[in-house]
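What follows draws every value from the coordinates through simple rules; no lab data is involved. Small disclaimer: the values here were computed from a predicted structure and weren't measured. Counting neighbours? That spans all protein chains shown, and the Cβs are built from the backbone with ideal geometry, glycine included.
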Amino acid sequence: MQFPVLIFLGLSFGVALATHKVASVALGVGATLRYLSTSKLERQFVLLLLLFGLPGVVIGSSVILLVPDRIAEIALGILTGGLGLYSIFKSALGQQYSLLHRDKINMLLGGLVLFLLGILNGSLTSGTGLFVTIWLVLWFGMDYQRAVAYTLILVGLFWNGAGALTLGILGEIRWDWLPALLLGSLLGGYLGSHLALKHGNRLIKRAFESVTILISIKLLWG
């Protein structure tokens, strides 16, 4: 949720997006360091998120700079708030792990949605990691803890890395903001992963819902 905070601090949508993407790579590094010692990622899902998600990120990052700032902020607010409300009304969502849609056709369908989420990640970025988490829970039957691990590592490190590279070429990055953002992202990624592993799915779900609703209200309010 760092991206909307940068907008609240006065950066334009495009500059905030490019700067956030670079800083978010550190969030992925912090999460990776914490999760790799305790979580085992399945190879098929690692490949799925990378092969389908990365092209979408590049496409989204390439076109978002053409969209007016306020329109992009409103779209982001609607998407983020919708996620929080959906999670609130689905009380059992992501609390247990189950094997769903693991055949080739459904893996492909799941990958196509990840491609679309990659486009959103490259363009609207904030909240789209939450979309990935929800999709992994809904379609593949993951619990929140497992889905968050994939999101923080693969979206945080690889998707955001691709977005940062694309936006760095096409847009403007506020390099003077990065030291504080990088340190905060690195520490936040590690601490968030630690809390998720220690306190489990219910805490993640409640925190997810609270943050998405608050951010959505602020973005829509302007």
Using a simple spin-label model with points 7 Å from Cα along the Cα→Cβ vector, what separation in nm is obtained for R70 and S12? 1.6
The chain - Kirkwood radius from inverse mean 1/r over Cα pairs (Å): 17.2
Considering the range 1-67, what Rg and Dmax in Å follow from its alpha-carbon atoms? 14.8, 42
Cβ crowding within 10 Å averaged over residues, with 170-180, 70-80 ranked highest first: 70-80, 170-180
Only residues of the range 183-219 count here: report those whose backbone N is under 17 Å from the spot 7 Å along Cα→Cβ of L33, or say none. 183-197
Have a look at S123, S61, S98 and tell me which one the Gaussian network model of the chain (Cα, springs below 10 Å) gives the largest fluctuation. S98
Relative to the longest principal axis of the chain, what angle (0 to 90°, nearest 10) does the C-alpha long axis of helix 178-199 take? 20
Order these by the 10 Å Cβ neighbour count, fewest first: Y35, Y144, Y190. Y190, Y35, Y144
Just to verify a number: FRET efficiency for L41 and L214, C-beta to C-beta distance, R0 = 25 Å, to 0.05? 0.25
For L112 and Y86 in one chain, what is 0.36 nm times their gap in residues minus the Cα-Cα distance, to one decimal in nm? 7.2 nm
How much FRET efficiency would the formula 1/(1 + (r/R0)^6) give for I59 and K198, where r is the Cβ-Cβ distance and R0 is 35 Å, rounded to 0.05? 0.40
Additional length obtainable on full extension of the chain from L183 to S98, 0.36 nm per residue less Cα span: 27.0 nm
Magnitude of the charge dipole, the chain, Cβ model with Lys/Arg +1 and Asp/Glu -1, debye to 20: 560
Can you bin every Cα-Cα distance in the range 104-222 into 10 Å intervals starting at zero and give me the percent of pairs per bin, rounded to whole numbers? 11, 38, 38, 12, 1
